[in-house]
Amino acid sequence: MRALSGEFHVLKPEGGFYGGPASIKDFKDLEERRALIDKMVEGGAKSWDWYERARAGIREVTGGDPAKMDLMAAENGLWSPLADPDPNLGFALRAHNNYEVGNPLFSVRDTTKARIYNEARDAGKGGLQIRLGRKTLPYRQAINPNEPFPVTGVNDTREATVQGYSREEIEKGLHDAEHRFMDAEMMLRVDRLNKKAVGGKTDWNAQSAQASPWVYQKALDLLAKGRAKTLEEALAIAHESPTEHFPKYTAYSTYELVPGAGTGHMDELVNQPYDVRAAFSNDPRLSWNSPTGNDILYNALWMYNRNSIPMTGADTAPGGALEVNPGRSTRPLVSFEPNTLSSPDIAKGEKLEPNPAADPGKVIDQASRTMMNTAEALRAYMDMQNAGAWHKPVVGNKAKYSEGITIATPEPLTEEQMHQLQEIVRKYNIPGAADTGEGVTLFGGAKELGTPNKPGPLAEDLKRPFPGAQASRAHVQGDYIDYSAVSGKEFAGQGKRTELLSSYLQNPKLLQKLDNDPAVRQAAANRIEVAKEMQAKGYSIRDDHIRALEYLRDGGPSLLLQKWKEGAVLPAVALAVMQGLGGFASQNEAGSGS
């Protein structure tokens, strides 16, 4: 190859190379820059897998679906210029979630990128057809598990800085000549690194050879700006790919599979020993997991979601005793918007109006809320639960608005930990608590927690179930779908449960997705099969619930709603008043359909 033979670069008569940085006047300068870059590679060598991690994250939250991988990679590519991985991911999620509910945004960071994105999606184009540029296209290819790694690297601002271009040169824009120079230098860099076995590696490629000095150079920048105290701390921050920022955008919907107490559907199961309830909950036919571990409902809605994980649930059984059940925690990726006075028609260009009285900081947007309410209303309906819910603890908003608490835990709570937690909840009159499978959320209690410098009594009590764990104040946002008011078997056949569900299925785009997804209909078929087996063992079942599941199996939610409107006898749960859980910024939005 010409680049590897050294024939590619051409000196200009006045000095310097065509397309090269102005600071590099001759081959001596070029060799010095190459030696400096190699040292930067060594400094950031532990981050060689940056693009591998980015690909792994995309593969996880898309369930390995090729079309979704192409789309998410393109979304992140489109919004990548001059954006670190965290805000880049935030822009991409904002555009994606709003488009999926039928509300394409007029502006996401700027109007140009939003227009490019919406026009491509409206035309039915996949991720590979979204128009990208000289920098953003290689970035999409580098982070897309569905594409081979490109031969050259991503010529972004930081790579240009690594190669010696000044701020003024970068701001003028990198054109074909600069890209050719940078591409050739990257190929030479890969060759040098492999020959030297830098970092003990002999399989360097353009992506790892770009990522390592990118991380090192960013770390130096963080140090210079005072955002890190040590080089080690700065390298740890710079090491983060989009995947490491998923937790910031992760919400939790926690659910159990043992039907709700008092519903008349397998009521006997509630009083069975824990191992019997666990065996029922672990029946693979009842799983909401796809083969890749993602959630079936969020997959159907095209809402990116991390693999579901085990959690421990707690309910008050008839008689007042605490009932602990195994459950699951789904982890959809949400997008944020500033809180507003109104709900503008963004598609028409109406702008958000800041609400000075509203909670400041990160607020989960309407699109994300609508998708999660839709999914959790349907899940609770199909599993004959007394409630469905989702929440997200947002850390970093002002303390006066952060009335909840979040605690990181390495695994689901034990039965003993859950009992201890419920004792604390009762002692401090906290509205509720939830195990997310990787943490605990308390919907209140922040005042009693105190501060790190002046811990309160709650901080001391939390040490018993969670020794050594760090409790942080959080603004807990979410919604609670309450089916409990008339869930009893005496309401069977009145269709009230379907009435409540219908209020959450007002978005035609989401409804169509649920109708068309075979995994959702199979989940209904599986629940019919399990219920009939349980009936053969002596458990009571609700015939009206089985009939509703049959409609879901045969035609999806649209058929169910059609039969309900025609007056067919369906499961009964009255249309209950929506209410938040303590610190929730709760709102009933399902009827709005967006």
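The values are calculated or read from the model by the stated rules, or taken from the named source; none is laboratory data. Quick caveat: nothing in here was measured; it's all calculated off a predicted structure. Here the Cβ is made from the backbone with ideal geometry for all residues, glycine too, and neighbour counts use every protein chain on show. SASA here: full protein model, heavy atoms, side chains in, ligands and nucleic acids out. Shrake-Rupley method; radii C 1.70, N 1.55, O 1.52, S 1.80 Å.
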### Query
At Glu490 and Asp191, where each label point lies 7 Å from the Cα along Cα→Cβ, what is the point-to-point distance in nanometres?
8.5 nm
### Query
How would you classify the stretch 180-275 from its alpha-carbon gyration tensor, with a ≥ b ≥ c the square roots of the eigenvalues: rounded for a/c under 1.5, else prolate if a/b is greater than b/c, otherwise oblate?
prolate
### For the stretch 258-275, Karplus couplings with θ = phi - 60° (6.51, -1.76, 1.60), whole Hz, Gly/Pro x
5, x, x, 5, x, 7, x, 10, 6, 4, 5, 5, 4, 8, 6, x, 4, 5
### Message
Give me the 1.4 Å probe accessible area per residue for the stretch 366-410, excluding ligands and nucleic acids, in Å².
### Response
26 Å²
### Query
Assuming R0 = 41 Å, what is the FRET efficiency of Ile309 and Leu223, from their Cβ-Cβ distance, to the nearest 0.05?
0.70
### Message
Output wanted: per-residue J couplings in Hz (rounded whole) for the stretch 445-456, from phi through Karplus 6.51 cos²θ - 1.76 cosθ + 1.60, θ = phi - 60°, x for Gly and Pro.
### Response
x, 5, 5, 6, 5, x, 10, x, 7, 9, x, x
### Query
Using the Karplus equation 6.51 cos²θ - 1.76 cosθ + 1.60 (θ = phi - 60°), what ³J(HN,Hα) coupling, rounded to whole Hz, does each residue of the stretch 15-20 give in order, writing x for Gly and Pro?
x, x, 10, 4, x, x
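Kindly report the accessible area of the stretch 23-63 per residue (heavy atoms of protein chains, probe 1.4 Å, no ligands, DNA or RNA), in Å².
On the way: 2020 Å² over 41 residues.
Value returned for the stretch 23-63: 49 Å² of accessible area per residue.
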### Message
When the expected Rg is taken as 2.2 N^0.38 Å, what fraction or multiple of it is the alpha-carbon Rg of the stretch 249-317?
### Response
1.25
#### Entry: Accessible-area composition of the stretch 189-337, carbon plus sulfur, in percent [1.4 Å probe]
53 percent
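How do 57-63, 170-176, 514-520 rank on mean C-beta neighbours within 10 Å, highest first? Numbers along the way, then the final one.
On the way: 57-63: 22.6, 170-176: 11.9, 514-520: 16.6.
In decreasing order of mean packing, 57-63, 170-176, 514-520 become 57-63, 514-520, 170-176.
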## Note on the structure
Under the rule rounded for a/c under 1.5, else prolate if a/b exceeds b/c, else oblate, using alpha carbon gyration tensor axes a ≥ b ≥ c, the stretch 241-288 is classed as prolate
### Task
Rounded, prolate or oblate: pick one for the stretch 516-565, where a ≥ b ≥ c are the square roots of the eigenvalues of its C-alpha gyration tensor, a/c under 1.5 means rounded, and failing that, prolate if a/b is larger than b/c, else oblate.
oblate
### Summary
Across all Cα atoms of the stretch 41-163, Rg and the largest Cα-Cα distance (Dmax), in Å, are 14.3, 47
### Rounded accessible area per residue of the stretch 64-208, 1.4 Å, Å²
40 Å²
### For the stretch 1-99, alpha-carbon Rg and Dmax in angstrom
19.6, 55
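Glu42 to Lys509: extension gain in nm, 0.36 nm per residue of separation minus the Cα-Cα distance? Before the final figure, lay out each step's value.
Numbers: separation 467, 0.36 × 467 = 168.12 nm, distance 4.99 nm.
Once the chain is fully extended between Glu42 and Lys509, it gains 163.1 nm.
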### Summary
Note: probe point = Cα of Lys12 + 7 Å toward Cβ; backbone nitrogen < 17 Å; residues of the stretch 129-167 passing the test are 164-167
### Task
Put one equal scatterer on each alpha carbon of the chain, apply the Debye formula with no solvent term, and list log10 I(q)/I(0) at q = 0.05, 0.07, 0.12 1/Å to two decimals.
-0.26, -0.50, -1.21
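How large is the helix-only mean residue ellipticity at 222 nm for the chain, computed as the sum of -39500 (n - 2.57) over DSSP H runs with n ≥ 4, divided by its residue count, in deg cm²/dmol to the nearest 500? Show your work: numbers first, answer last.
Working: 22 runs with 254 residues, N = 594.
Taking each H run of at least 4 residues, the total per residue is -13000 deg cm²/dmol.
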### Summary
Rg from C-alpha atoms of the stretch 476-527, normalised by the globular rule of thumb 2.2 N^0.38 Å, equals 1.41
### Query
Cα-Cα over 19 Å: which of Lys12/Lys39; Lys113/Lys135; Lys113/Lys218; Lys68/Lys513; Lys39/Lys172; Lys248/Lys398?
Lys12/Lys39; Lys113/Lys218; Lys39/Lys172
## Note on the structure
With T = 37 °C, eta = 0.692 mPa s and Kirkwood Rh from C-alpha pairs, the Stokes-Einstein D of the stretch 128-250 in µm²/s is about 207 µm²/s
### Query
Given the stretch 48-113 reduced to its alpha-carbon atoms as identical point scatterers, what log10 I(q)/I(0) does the Debye formula return at q = 0.14, 0.20, 0.27, 0.29 Å⁻¹?
-0.42, -0.83, -1.29, -1.37
### Task
May I ask you to give the percent of accessible area on the stretch 30-125 that is carbon plus sulfur, with a probe radius of 1.4 Å?
51 percent
